[in-house]
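Structure first, commentary second.
The values are calculated or read from the model by the stated rules, or taken from the named source; none is laboratory data. All values reported here derive from a predicted model rather than from experimental measurement. Every residue, glycine among them, receives a Cβ derived from its backbone with ideal geometry; neighbour counts consider all protein chains shown.
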Amino acid sequence: MIETAHSLLIEAPIGAVWNYVQDMRQWANLLPGCKECIVENPADSRWILKVGTGGLVRTVNALVHVDNWEGPTRVDFSYKLEGDPVEGSGSYFANVTSPTQTEITLQVRVNGSGPLAPMWEAISRPLLPRLAKMFATKLKEKIEQS
């Protein structure tokens, strides 16, 4: 299992942050490599992603399920790659630091299984922290622009 977390301060009140965060499509569009997000219902969506590094880039379908909406302070989710032995989970936490500032923390876990697990872990270990940081930074920029 691989885990990472990234925290940052957004110059916006928690209500403005939540207005952006509560839409799954907006999350998906910030994820590097996301080509499409198909929302099936309020808790389930399919994200079509280009993942990998170097010559090992491929398109995957991630089935994302929101396990817990506790807006505006918490969202827990799980995901599974369709056709691949990879699944994981994560959480979003928001904390008011002032009336005009919100600290957020994103946590993500990846679990590989089966004979390809070492390959998925080798690819994910260096990429996951960078991906979390890029995602959080884009989230901050989008919210502060609106």
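Mind counting the residues in segment 25-36 that are closer than 26 Å to ASN95 by Cβ and either part of a loop (DSSP other than H, G, I, E, B) or at pLDDT 95 or above (or both)?
2
Just checking, does segment 75-94 include any residue being out of contact with any His (no Cβ under 9 Å at 6 or more places or on another chain), within 21 Å of LEU8 (Cα to Cα) and surrounded by fewer than 16 Cβ atoms within 10 Å (Cβ to Cβ)?
For segment 75-94, residues out of contact with any His (no Cβ under 9 Å at 6 or more places or on another chain), within 21 Å of LEU8 (Cα to Cα) and surrounded by fewer than 16 Cβ atoms within 10 Å (Cβ to Cβ): absent.
Within segment 99-110, is even one residue modelled with pLDDT under 85, more than 24 Å from VAL17 (Cα to Cα) and out of contact with any Pro (no Cβ under 8 Å at 6 or more places or on another chain)? Can you show your working first?
Restricting attention to segment 99-110, the residues satisfying the condition of being modelled with pLDDT under 85 are none.
No, segment 99-110 has no match at all.
Which condition number does ALA94 fail, the rest of (1) touching a Pro at 6+ places or on another chain (Cβ under 7 Å); (2) without any contact (Cβ under 8 Å) to a residue 40 or more places away in the chain being met?
All conditions are met except number (2).
Looking at segment 81-98 only, could you name the residues that are in contact with a strand residue (DSSP E or B) (Cβ under 7 Å, 6 or more places away or on another chain) and at pLDDT below 95?
Filtering segment 81-98 down to residues in contact with a strand residue (DSSP E or B) (Cβ under 7 Å, 6 or more places away or on another chain) leaves 81-82, 84-97.
Answer for segment 81-98, where residues must be in contact with a strand residue (DSSP E or B) (Cβ under 7 Å, 6 or more places away or on another chain) and at pLDDT below 95: LEU81, GLU82, ASP84, PRO85, VAL86, GLU87, GLY88.
Which of the residues spanning segment 37-60 are in contact (Cβ under 8 Å) with a residue 12 or more places away in the chain, loosely packed, with under 13 Cβ neighbours inside 10 Å and assigned to a strand (DSSP E or B)?
LYS50, THR59
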